[in-house]
1. Check segment 47-57 and report whether any residue there is more than 18 Å from Leu122 (Cβ to Cβ), outside any loop (DSSP other than H, G, I, E, B) and modelled with pLDDT of 95 or more.
2. Can you pull out every residue in segment 96-119 that is under 13 Å from His37 (Cα atoms), touching a residue at least 24 places away in the same chain (Cβ under 8 Å), in contact with a helix residue (DSSP H, G or I) (Cβ under 9 Å, 6 or more places away or on another chain) and not aliphatic (A, V, I, L, M)?
3. Take segment 65-94 and flag every residue that is buried (at least 17 other Cβ atoms within 10 Å of the Cβ) and without any contact (Cβ under 8 Å) to a residue 60 or more places away in the chain.
4. Of the residues Val70, Val111, which is at pLDDT 95 or above and of a type in the set (Val, Ile, Thr)?
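The values are calculated or read from the model by the stated rules, or taken from the named source; none is laboratory data. The shown structure was predicted, so the numbers you read here are calculated from the model rather than taken from an experiment. Because the Cβ atoms are built from the backbone with ideal geometry, glycine has one as well, and the counts that use them run over all protein chains shown.
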Amino acid sequence: MGQSESVETPEPGDLIEISRGFYQHWAVYIGDGLVVHFAAPPEVTAAAASSLMSIAAMKAVVKKEKLIDVVGTNDWKVNNDLDEKYEPHQTDIIVKEALQLVGEEQRYDIVTWNCEHLAKMLRYGKAESLQVRKAEDVMVAGGVAVVGLGMLALVGALSGGSKREDNSDSDGDSDSYGYGYCNDDSDSD
(Lines give C-alpha, C1' and ligand atoms only; values in the text may rest on other atoms or scores of the structure.)
Protein backbone atom coordinates (compact mmCIF):
# COMPACT_ATOMS: atom_id res chain seq x y z
CA MET A 1 0.00 0.00 0.00
CA GLY A 2 1.35 3.42 -0.92
CA GLN A 3 1.81 6.66 0.96
CA SER A 4 -1.39 8.52 1.79
CA GLU A 5 -1.80 11.98 0.33
CA SER A 6 -4.16 14.88 0.89
CA VAL A 7 -5.25 17.42 -1.68
CA GLU A 8 -4.67 20.08 0.97
CA THR A 9 -1.37 21.76 1.68
CA PRO A 10 -1.11 22.47 5.39
CA GLU A 11 0.16 25.75 6.75
CA PRO A 12 2.10 26.09 10.01
CA GLY A 13 -0.33 26.03 12.93
CA ASP A 14 -2.92 23.93 11.08
CA LEU A 15 -4.43 20.92 12.82
CA ILE A 16 -4.02 17.63 11.00
CA GLU A 17 -6.71 14.97 11.48
CA ILE A 18 -5.57 11.46 10.57
CA SER A 19 -8.21 8.78 10.11
CA ARG A 20 -7.18 5.56 11.84
CA GLY A 21 -10.34 3.57 11.25
CA PHE A 22 -12.47 3.83 14.37
CA TYR A 23 -10.70 6.91 15.75
CA GLN A 24 -8.81 9.99 14.57
CA HIS A 25 -5.26 10.89 15.50
CA TRP A 26 -4.45 14.61 15.70
CA ALA A 27 -1.25 16.57 15.16
CA VAL A 28 -0.18 20.20 14.74
CA TYR A 29 1.62 21.09 11.51
CA ILE A 30 4.71 23.21 12.25
CA GLY A 31 6.07 23.62 8.72
CA ASP A 32 8.73 21.93 6.55
CA GLY A 33 6.68 18.72 6.41
CA LEU A 34 6.79 18.28 10.22
CA VAL A 35 4.12 17.81 12.88
CA VAL A 36 4.04 17.75 16.66
CA HIS A 37 1.79 15.11 18.21
CA PHE A 38 1.30 12.61 21.02
CA ALA A 39 2.98 9.25 20.55
CA ALA A 40 3.36 6.14 22.66
CA PRO A 41 6.10 6.34 25.28
CA PRO A 42 9.54 4.90 24.45
CA GLU A 43 9.08 1.79 26.59
CA VAL A 44 6.34 0.62 24.22
CA THR A 45 7.90 -1.48 21.49
CA ALA A 46 8.06 0.02 18.01
CA ALA A 47 5.85 -2.75 16.64
CA ALA A 48 3.04 -1.74 18.97
CA ALA A 49 3.58 2.02 18.98
CA SER A 50 0.32 3.84 18.37
CA SER A 51 -2.13 6.12 20.10
CA LEU A 52 -3.87 3.00 21.36
CA MET A 53 -0.73 2.01 23.25
CA SER A 54 -0.75 5.40 24.96
CA ILE A 55 -4.18 4.51 26.31
CA ALA A 56 -2.82 1.38 27.97
CA ALA A 57 0.28 3.18 29.27
CA MET A 58 -1.77 6.21 30.43
CA LYS A 59 1.08 8.41 29.26
CA ALA A 60 2.39 9.72 25.99
CA VAL A 61 5.37 11.61 24.65
CA VAL A 62 5.12 14.76 22.57
CA LYS A 63 7.08 14.11 19.39
CA LYS A 64 8.16 16.08 16.35
CA GLU A 65 8.06 13.88 13.25
CA LYS A 66 7.56 14.03 9.52
CA LEU A 67 3.91 14.29 8.56
CA ILE A 68 4.31 11.47 6.03
CA ASP A 69 5.72 9.17 8.73
CA VAL A 70 2.90 9.90 11.17
CA VAL A 71 0.21 9.55 8.51
CA GLY A 72 1.60 6.40 6.90
CA THR A 73 -1.07 5.05 4.56
CA ASN A 74 -3.99 6.61 6.43
CA ASP A 75 -6.20 9.37 5.05
CA TRP A 76 -5.66 12.81 6.54
CA LYS A 77 -6.91 16.36 6.22
CA VAL A 78 -6.40 19.83 7.60
CA ASN A 79 -9.14 20.31 10.19
CA ASN A 80 -9.25 23.65 11.96
CA ASP A 81 -12.83 22.89 12.97
CA LEU A 82 -13.05 25.32 15.87
CA ASP A 83 -11.81 28.42 14.01
CA GLU A 84 -15.32 29.89 13.96
CA LYS A 85 -15.86 29.14 17.66
CA TYR A 86 -12.46 30.30 18.98
CA GLU A 87 -9.84 32.74 17.77
CA PRO A 88 -6.77 30.70 16.79
CA HIS A 89 -3.48 31.72 18.36
CA GLN A 90 -0.95 33.38 16.08
CA THR A 91 0.94 30.89 13.95
CA ASP A 92 4.34 31.67 15.48
CA ILE A 93 2.93 31.12 18.98
CA ILE A 94 1.35 27.78 18.02
CA VAL A 95 4.62 26.55 16.51
CA LYS A 96 6.77 27.87 19.38
CA GLU A 97 4.57 26.29 22.08
CA ALA A 98 4.39 23.00 20.17
CA LEU A 99 8.18 22.85 19.86
CA GLN A 100 8.60 23.62 23.57
CA LEU A 101 6.62 20.47 24.39
CA VAL A 102 8.69 18.12 22.20
CA GLY A 103 10.23 15.34 24.27
CA GLU A 104 7.93 15.95 27.21
CA GLU A 105 6.18 12.92 28.70
CA GLN A 106 2.61 13.74 29.70
CA ARG A 107 -0.31 11.93 31.23
CA TYR A 108 -2.67 10.49 28.64
CA ASP A 109 -6.36 10.01 29.24
CA ILE A 110 -8.58 9.12 26.32
CA VAL A 111 -11.45 11.18 27.73
CA THR A 112 -9.75 14.25 29.24
CA TRP A 113 -6.30 14.59 27.63
CA ASN A 114 -5.68 12.88 24.29
CA CYS A 115 -3.99 13.91 21.04
CA GLU A 116 -6.98 16.00 19.94
CA HIS A 117 -7.01 17.86 23.28
CA LEU A 118 -3.28 18.59 22.88
CA ALA A 119 -3.61 19.82 19.29
CA LYS A 120 -6.58 22.06 20.05
CA MET A 121 -4.96 23.42 23.20
CA LEU A 122 -1.99 24.51 21.09
CA ARG A 123 -4.14 26.14 18.37
CA TYR A 124 -6.97 27.61 20.45
CA GLY A 125 -5.90 27.51 24.09
CA LYS A 126 -8.91 25.22 24.67
CA ALA A 127 -8.57 21.48 25.26
CA GLU A 128 -11.54 20.00 23.41
CA SER A 129 -12.11 16.65 21.78
CA LEU A 130 -15.13 16.41 19.53
CA GLN A 131 -14.56 12.69 18.98
CA VAL A 132 -14.83 12.17 22.75
CA ARG A 133 -18.03 14.24 22.79
CA LYS A 134 -19.46 12.20 19.92
CA ALA A 135 -18.56 8.97 21.72
CA GLU A 136 -20.20 10.26 24.91
CA ASP A 137 -23.33 11.19 22.93
CA VAL A 138 -23.47 7.68 21.45
CA MET A 139 -23.02 6.13 24.89
CA VAL A 140 -25.75 8.36 26.37
CA ALA A 141 -28.10 7.55 23.48
CA GLY A 142 -27.34 3.84 23.91
CA GLY A 143 -27.95 4.12 27.64
CA VAL A 144 -31.28 5.88 27.02
CA ALA A 145 -32.26 3.12 24.60
CA VAL A 146 -31.37 0.42 27.14
CA VAL A 147 -33.28 2.23 29.89
CA GLY A 148 -36.23 2.64 27.52
CA LEU A 149 -36.26 -1.05 26.68
CA GLY A 150 -35.96 -1.88 30.36
CA MET A 151 -38.95 0.34 31.14
CA LEU A 152 -40.98 -1.36 28.41
CA ALA A 153 -40.09 -4.76 29.84
CA LEU A 154 -41.03 -3.56 33.34
CA VAL A 155 -44.37 -2.16 32.15
CA GLY A 156 -45.00 -5.45 30.35
CA ALA A 157 -44.15 -7.39 33.49
CA LEU A 158 -46.34 -5.26 35.73
CA SER A 159 -49.30 -5.26 33.38
CA GLY A 160 -49.12 -8.97 32.68
CA GLY A 161 -48.85 -8.14 28.99
CA SER A 162 -50.77 -11.19 27.89
CA LYS A 163 -53.27 -13.63 29.34
CA ARG A 164 -51.51 -15.67 32.00
CA GLU A 165 -51.86 -19.40 31.75
CA ASP A 166 -51.79 -21.68 34.74
CA ASN A 167 -48.74 -23.84 34.17
CA SER A 168 -48.61 -25.45 37.58
CA ASP A 169 -46.77 -28.72 37.71
CA SER A 170 -47.79 -31.67 39.83
CA ASP A 171 -46.39 -30.18 43.07
CA GLY A 172 -48.39 -26.95 42.59
CA ASP A 173 -45.41 -24.66 41.72
CA SER A 174 -45.95 -22.32 38.81
CA ASP A 175 -43.53 -22.67 35.91
CA SER A 176 -44.79 -19.47 34.25
CA TYR A 177 -43.84 -16.15 35.78
CA GLY A 178 -46.17 -14.12 33.56
CA TYR A 179 -43.68 -11.45 32.57
CA GLY A 180 -45.79 -10.66 29.54
CA TYR A 181 -43.03 -10.81 26.94
CA CYS A 182 -44.54 -11.20 23.53
CA ASN A 183 -43.21 -13.25 20.71
CA ASP A 184 -43.77 -11.01 17.72
CA ASP A 185 -43.03 -12.85 14.52
CA SER A 186 -43.52 -9.74 12.38
CA ASP A 187 -40.59 -8.04 10.69
CA SER A 188 -39.15 -5.18 12.69
CA ASP A 189 -37.21 -2.92 10.37
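1. Within segment 47-57, not a single residue is more than 18 Å from Leu122 (Cβ to Cβ), outside any loop (DSSP other than H, G, I, E, B) and modelled with pLDDT of 95 or more.
2. Glu97, Gln106, Tyr108, Asn114, Cys115, Glu116
3. If the condition is that a residue be buried (at least 17 other Cβ atoms within 10 Å of the Cβ) and without any contact (Cβ under 8 Å) to a residue 60 or more places away in the chain, then Leu67, Val70 are the ones that fit.
4. Only one candidate qualifies: Val70.
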